[in-house]
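The values are calculated or read from the model by the stated rules, or taken from the named source; none is laboratory data. Note that the coordinates shown come from a computational prediction; the quantities given were computed from them, not determined experimentally. For neighbour counting, all protein chains shown are included, and Cβ atoms are generated from backbone atoms with ideal geometry for every residue, glycine included. Just so you know, the surface numbers come from the protein's heavy atoms only, side chains and all, with ligands and any DNA or RNA stripped out. Shrake-Rupley method; radii C 1.70, N 1.55, O 1.52, S 1.80 Å.
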Amino acid sequence: MSAADKARNKAEEIKGKVKEKTGKAVGNKRLEAEGKAERAKGDVKQSGEKIKDVFKD
């Protein structure tokens, strides 16, 4: 798919990682869980884009 979609998904993944690490560092379980969820969501979207690319060719 488009590079913009891939970049957006990667940014969401990174944002989730940052939230997760921050939550761990300050002891905020809710923030940590939110980060894990965001990271997983971005990862799933990124995988979907890769699958689309495989079938596009």
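Data table
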| read-out | value |
| --- | --- |
| Identity of the residue in segment 15-30, within 15 Å of the chain's Cα centre (by Cα) and without any contact (Cβ under 8 Å) to a residue 24 or more places away in the chain, that ends up most open to solvent (accessible area, probe 1.4 Å) | LYS21 |
| Filtered residue count, segment 35-49, keeping only those that are free of Cβ contacts under 8 Å to residues at least 24 places away in the same chain and either exposed (fewer than 13 other Cβ atoms within 10 Å of the Cβ) or within 11 Å of the chain's Cα centre (by Cα) (or both) | 5 |
